[in-house]
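Trainee: Before anything else, here's the structure in question.
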Amino acid sequence: MCHFWGKSNYGRLCLKVQTVIFPKNAASPESSPMTAQRGPHQNCLAFVTDAQQAPLAQFAARQAAHVSGDRNFDILICSFEPLTLPDELTKLGIRNKVLNLRKPLTDLNLPLKWLPLEVYLRLWLPQALGDRYRRILYADTDTYLLSPSLDRLFDVDMGPHPVAGVRDVQQWLDLDAPINDFAERGLPGLRFLNSGVMLMDSSRVLETDLLDRLLVISKADTPTTHHDQSLLNLELRGEWAELHPAWNWQWTHIFPTFTRLANPQMLHFCGPKKPWRAHQKENRFSPALIREYQRYFARHGGDLAFHTWLPGGRRVSPMTNLRNWRWQRRHPEKLEALVGRFASPFSTLL
């Protein structure tokens, strides 16, 4: 059982409406020493991007390098074509890994809608990197690592499964919530993986021919809702190792009080609210976090550069914040049901 709602925490939370934290113990790149990687390593943290979104991948990789210190894993930014990384990233040992797969993926006619083809490249990482890395942790570019213990995540128990990850936020308030991809195919309600942070065991992925099985599903007539994420869930059907939600914390903006209490290890800014859009959309992100993105993008962001006249940009109204906080205060069981299933951030449900 978790004990997030003890009297001391609860009393402090009642004092004022909260905004999303930028934890005091988080390693900020502005204050952290430059630390280059040591190798060779058996594991890697991998981001995937195109040239337009490259500054987002750079920022996420840079944060991961700073908070991890003397890490025992590589950090790669993967792309179809070569990218030029800023010197501050190369000094941290962050590398661009070019995967010459654009034509093979294009020829597959994968459903894209508004997304770039790169969104599927994560599925090819074990094939491209498996001869070098034992385990690969893929992370979306809209993630922000807080934990200095990411190296321990690579050694969690995955049981017989090729993939480990966190439930999608669609099932956080109700663990049995039905998912469209399953319902449309007459499948029973199953846990639904969010592929935005995904640990892959290279040998198991290759041994089970997971990629080929996903491609078979991609050719089916019934459309999918979440692209590569749908393919993974339709093939795995709940047979994956479930990580603690702290490693892919998707309530960062929606439930700021729960976010404080849950001690997230990696934030995932899923949805339309992003720290780098603070000048466009109302948000609850901390001004310190927004300033980090603003400063980096001012140097390297290109079209992503932005300016906010007010600290924190456009803020959610006080009344909306108050209603949000009151709901979290009345429903501590929602957080308990989500995180209380895990003994620690490094335990898994198999």
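Trainee: Between a residue in the range 225-253 that is under 17 Å from Asp140 (Cα atoms) and any residue that is of a type in the set (Lys, Arg), which pairs come within a Cβ distance under 8 Å, given they are 6 or more apart or on different chains?
Mentor: His227/Lys113; Asp228/Arg122; Pro245/Arg167; His253/Lys273; His253/Arg284
Trainee: Which residues, taken from the range 48-66, are out of contact with any Phe, Trp or Tyr (no Cβ under 8 Å at 6 or more places or on another chain) and surrounded by 23 or more Cβ atoms within 10 Å (Cβ to Cβ)?
Mentor: Initially, the range 48-66 is screened for residues out of contact with any Phe, Trp or Tyr (no Cβ under 8 Å at 6 or more places or on another chain), giving 49, 51-54, 64-66.
Correct list: Thr49, Ala64, Ala65.
Trainee: Say we look at the range 288-297 and pick out the residues that are touching a residue at least 40 places away in the same chain (Cβ under 8 Å) and of a type outside the set (Phe, Trp, Tyr); which of these is surrounded by the fewest Cβ atoms within 10 Å (Cβ to Cβ)?
Mentor: Initially, the range 288-297 is screened for residues touching a residue at least 40 places away in the same chain (Cβ under 8 Å), giving 288-289, 292-293, 295-297.
Of the ones still in play, those that are also of a type outside the set (Phe, Trp, Tyr) are 288-289, 292, 295.
On the way: Ala288: 16, Leu289: 23, Glu292: 22, Arg295: 13.
Going through the qualifying residues, I end up with Arg295.
Trainee: Of the residues that make up the range 83-91, is at least one touching a Cys at 6+ places or on another chain (Cβ under 7 Å) and either exposed (fewer than 14 other Cβ atoms within 10 Å of the Cβ) or under 24 Å from Tyr293 (Cβ atoms) (or both)? Walk me through it before giving the result.
Mentor: Going through the range 83-91, the residues touching a Cys at 6+ places or on another chain (Cβ under 7 Å) turn out to be none.
No: the range 83-91 contains no residue that is touching a Cys at 6+ places or on another chain (Cβ under 7 Å) and either exposed (fewer than 14 other Cβ atoms within 10 Å of the Cβ) or under 24 Å from Tyr293 (Cβ atoms) (or both).
Trainee: Which strands (runs of 3 or more DSSP E) sit wholly inside the range 77-182 and have at least 1 residues that are free of Cβ contacts under 8 Å to residues at least 40 places away in the same chain and touching a strand residue (DSSP E or B) at 6+ places or on another chain (Cβ under 8 Å)?
Mentor: On the way: elements: 95-98, 135-139, 143-145, 163-167.
The strands (runs of 3 or more DSSP E) meeting that bar are 95-98.
Trainee: Give me a count of the residues in the range 298-345 that are within 23 Å of the chain's Cα centre (by Cα), buried (at least 16 other Cβ atoms within 10 Å of the Cβ), among the hydrophobic types (A, V, I, L, M, F, W, C) and more than 28 Å from Asp50 (Cα to Cα).
Mentor: Counting residues in the range 298-345 that are within 23 Å of the chain's Cα centre (by Cα), buried (at least 16 other Cβ atoms within 10 Å of the Cβ), among the hydrophobic types (A, V, I, L, M, F, W, C) and more than 28 Å from Asp50 (Cα to Cα) gives 4.
Trainee: Now for a different question. Just for the range 106-126: of the residues that are in contact with a helix residue (DSSP H, G or I) (Cβ under 6 Å, 6 or more places away or on another chain) and farther than 20 Å from Ala54 by Cα, which one is modelled with the highest pLDDT?
Mentor: Among those that are in contact with a helix residue (DSSP H, G or I) (Cβ under 6 Å, 6 or more places away or on another chain) and farther than 20 Å from Ala54 by Cα, it is Pro126.
The values are calculated or read from the model by the stated rules, or taken from the named source; none is laboratory data. Computed from a prediction, not measured in an experiment: that's the story for all the values here. Please note: Cβ atoms are built from the backbone with ideal geometry, for glycine as well, and neighbour counts cover all protein chains shown.
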